[in-house]
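Just below is one structure, and these are the notes that go with it.
Read-outs throughout are calculated quantities, based only on the coordinates presented, and are distinct from any laboratory measurement. Because the structure is predicted, anything quoted here is derived from the model rather than measured. Cβ: placed from backbone, ideal geometry, glycine included. Neighbour counts: every protein chain shown.
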Amino acid sequence: MKTSGMPVHLFLEERPCLVVGGGKTALKKTHLLLEAKATVLLVAPKLDAALLQLKNEARIQIKKRPLKPADIKEKVLVFAATGNRKTNREILALCRENHVLCSCVDGNWAQSDFTLPSILRHPPLTLSVSANNNETQLSKMVKNSLARHLSMIESATLIVVGTDHHHLSVEEREPFHLTGHRFERAGFMIMQLWGIHEFMILNTCNRVEVIAVVSEATAHNGILRHILGFTALKENKFYLKRGKKAFEHLCLVTAGMRSQTPGENHITAQIKSALEIAQKREWANSLLQSWISAALHVSKAIKNRIEPLLKHYEIEELALRYLQATHPDLTKATLMVLGAGTIGHAIVQQSLPLAKKIIWCYHIQPPTLPTDPQKKIQTGTFNSLRENLHEADVIISATDSPGHLLHRAHAPFLNQESPVTIVDLGMPRNIDPKLDTLSPSINVLDLDGLKYWYRRELTDLDDLLHKSRAIIAQHQDEYQKIATRLQLSD
């Protein structure tokens with residue numbers, strides 16, 4: 001039993017081929033050869049009427065008689081399709097004597113020189129599927145499945161489906177964020193959808209969205225909204241952008257113009273990381289890479305124009321500004337930082353000149369310590385939280401932990417002699433908001449609270465967005481390159 005073969009694409013134009021047989025199978029093989037523009041000799045004592053109708057075709061000769069050995073000479077390939085296994089074996093033997101490739105279309109296939117795969121034509125593509133044995137039903141199933149998918153490729157569009165701090169408060173937004181198994185589950189479900197060509201999931205502290213190249217039908221059928229759990233949301237609580245609007249949205253997001261602190265730079269690294277994750281999981285390839293690269297290019301132009309107009313603060317800088325404004329005696333305070341990621345590192349680095357002492361808590365991997373000549377930094381794991389909480393005057397949480405690191409049970413371990421301020425930069429939130437209600441001396445501030453505290457005095461965000469969109473319009477060639485490549489619809 002043959003179990004392997006080498007697929008090829010034969011160029012048969014004006015090359016002589018032979019079909020032996022007069023039934024439906026012979027007709028099918030003859031049509032395939034004529035489609036390949038081969039010259040065909042068809043031989044059989046009896047011929048179905050459908051085969052006789054081909055007699056006027058320019059590249060076919062029909063001989064209503066038994067096969068002669070001379071018919072095989074100088075042929076490129078032969079199909080033995082007589083309907084008689086013994087006769088087909090005899091034809092195969094004659095072909096071997098004449099060094100001509102032969103395919104038997106019955107149970108003799110395993111002794112043949114080649115078999116034909118299941119063929120799918122979707123101009124300009126021709127796809128073939130072979131199971132490498134007699135599992136023809138499996139090949140047909142795969143071919144039919146590919147046919148449904150190819151029909152959707154003709155109508156591709158860019159799409160972004162998501163929600164952010166402009167649409168939902170932190171409490172409303174929290175259930176929709178994709179962390180841990182929810183992230184993996186959402187990715188798995190999207191991967192199963194017809195019409196999803198490539199996608200990535202962007203999940204940050206203030207937004208969760210799917211960025212994708214999809215068929216036009218998928219863009220309109222609401223399935224991505226369903227997977228993200230948005231079906232119960234009103235239309236003004238999430239966004240669904242297509243084509244040029246999706247491209248513009250991603251350019252604004254990449255430039256930091258849709259962040260909680262407009263102009264922040266962390267979003268660029270987060271987008272690059274989300275794309276890398278998608279590529280590793282084979283959710284994304286060159287299509288999404290092109291889109292992200294174009295958005296990054298346009299975002300640089302936006303930043304060059306807009307940044308001089310902004311009072312620019314990253315989220316950790318904003319948190320420290322809040323603490324400086326509300327704690328004039330910060331230099332006498334002990335600061336606890338939860339999380340050893342990018343933001344956690346930045347908070348520790350920037351707070352070294354400000355705080356008396358820093359207790360830096362991490363999950364598993366100890367952080368790399370910045371230069372600390374005064375030995376202000378003390379490190380410990382999340383497991384040591386309770387024994388260190390009583391020292392903290394200020395706590396900043398900046399970790400992607402899926403649950404509450406601090407909750408009501410921790411209240412007795414907090415400093416009981418002076419006020420404690422807790423700033424939660426996590427999403428989902430790392431701090432149980434109910435802690436804020438337990439005592440007047442405990443003040444919990446989340447991302448929304450920080451946003452409401454902060455007001456830009458010298459800038460008009462609407463005006464900056466208008467300027468940013470004008471810059472994107474000047475770079476429409478970036479979108480057009482993507483649109484032309486895939487014949488995208490708007």
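Restricting to DSSP loop positions (anything but H, G, I, E, B) with no more than 14 other Cβ atoms inside 10 Å of their own Cβ, which trypsin sites (Lys or Arg not before Pro) remain in the stretch 299-406? Could you put the intermediate results ahead of the total?
Numbers: sites: Lys300, Lys303, Arg305, Lys311, Arg321, Lys332, Lys356, Lys357, Lys375, Lys376, Arg386; in loops: Lys311, Lys356, Lys375, Lys376.
Listed in order of number, the matching sites are Lys311, Lys356, Lys375.
Can you give the Rg to Rh ratio of the chain, both from alpha-carbon atoms, with Rh computed by the Kirkwood formula?
Taking Rh as the inverse mean 1/r over Cα pairs, Rg/Rh reads 1.21.
For the stretch 315-453, what ratio Rg/Rh do Cα atoms give with a Kirkwood hydrodynamic radius?
0.92
In the chain, what % of DSSP beta bridges are antiparallel (nearest 5)?
40 percent
Subtracting the Cα-Cα distance from 0.36 nm times the residue separation, let me have the gained length for Asn304 to Lys332 in nm, one decimal.
Values: separation 28, 0.36 × 28 = 10.08 nm, distance 3.91 nm.
Gain on extension, Asn304 to Lys332, equals 6.2 nm.
Please state, to two decimals, what the Cα-based radius of gyration of the stretch 158-281 comes to when divided by 2.2 N^0.38 Å (N = residues).
0.98
Lys37 to Ala473: extension gain in nm, 0.36 nm per residue of separation minus the Cα-Cα distance? The partial results should precede the final answer.
Numbers: separation 436, 0.36 × 436 = 156.96 nm, distance 4.86 nm.
My answer for the length gained is 152.1 nm.
Would you work out which of Leu125, Thr421, Ile91 lies farthest towards the positive end of the dipole of the chain? Charges go on Cβ: Lys and Arg +1, Asp and Glu -1.
Farthest towards the positive end: Ile91.
If you average the alpha carbon positions of the stretch 200-223 and of the stretch 38-86, how far apart do those two centres end up, in angstrom?
When both Cα centres are located, 55 Å separates them.
Between Leu461 and Ser441, what is the label-to-label distance in nm when each label sits 7 Å out along the Cα-to-Cβ direction?
Going by the 7 Å Cα→Cβ label model, 3.6 nm.
Classify the stretch 392-460 as rounded, prolate or oblate from the Cα gyration tensor: take a ≥ b ≥ c as the square roots of its eigenvalues, call it rounded if a/c is under 1.5, otherwise prolate when a/b beats b/c and oblate if not.
Values: a/c = 2.50, a/b = 1.49, b/c = 1.68.
Oblate.
Set the Förster radius R0 to 35 Å, insert the Cβ-Cβ distance between Glu13 and Leu138 as r into 1/(1 + (r/R0)^6), and round the FRET efficiency to 0.05.
0.65
Skipping prolines and chain starts, which residues have an amide H placed within reach, meaning under 5 Å, of the one on Ile395, given they are 5 or more residues away or on another chain?
So Ile395 has HN proximity to Met336, Thr421, Ile422, Val423.
Run the numbers for Arg321 and Ser169: contour at 0.36 nm per residue of separation, minus the present Cα-Cα distance, in nm.
Details: separation 152, 0.36 × 152 = 54.72 nm, distance 2.21 nm.
Here the answer is 52.5 nm.
Tell me the net charge near Asp372. Cut-off is 15 Å between Cβ atoms, Asp372 excluded, with +1 for each Lys or Arg and -1 for each Asp or Glu.
Details: positive: Lys356, Lys357, Lys375, Lys376; negative: none.
So the environment of Asp372 carries a net charge of +4.
Sort largest first and round to whole Å: the equivalent ellipsoid semi-axes of the stretch 268-337, each the square root of five times a Cα gyration tensor eigenvalue.
37, 19, 5
Can you pull out the cysteines in the chain that have no other Cys Cβ under 4.7 Å?
So, Cys17, Cys104, Cys205, Cys251, Cys361.
So if a site counts as exposed when it's one of the GluC sites (Glu not before Pro), its DSSP state isn't H, G, I, E or B, and it has at most 16 other Cβ atoms within 10 Å, what's the longest stretch of the chain without one?
155-281
Compute the distance in nm between two label points, each set 7 Å from the Cα along the Cα-to-Cβ direction, one at His226 and one at Lys68.
Output for this residue pair reads 6.5 nm.
Given labels modelled 7 Å from the Cα in the Cβ direction, how far is it in nm from Glu57 to Glu282?
Roughly 3.8 nm, to one decimal.
Consider just the alpha-carbon atoms of the stretch 1-108 and return their Rg together with their Dmax, both in angstrom.
In Å, with Rg to one decimal and Dmax whole: 13.1, 40.
Given only helices, namely DSSP H runs of n ≥ 4 each adding -39500 (n - 2.57), what is the per-residue ellipticity at 222 nm of the chain, to the nearest 500 deg cm²/dmol?
Computed ellipticity for the chain at 222 nm equals -11000 deg cm²/dmol.
For Arg386 and Glu90, what is the calculated FRET efficiency with R₀ set at 60 Å and r taken between the beta-carbons, to the nearest 0.05?
Efficiency, rounded to the nearest 0.05: 0.10.
Would you please give the FRET efficiency between Gln350 and Ala110, computed as 1/(1 + (r/R0)^6) with r the Cβ-Cβ distance and R0 = 60 Å, to the nearest 0.05?
0.25
For a paramagnetic label modelled at 7 Å from the Cα of Leu101 toward its Cβ, which residues of the stretch 4-25 fall within the zone defined by backbone nitrogen distances under 19 Å?
Those under the cut-off are 4-20.
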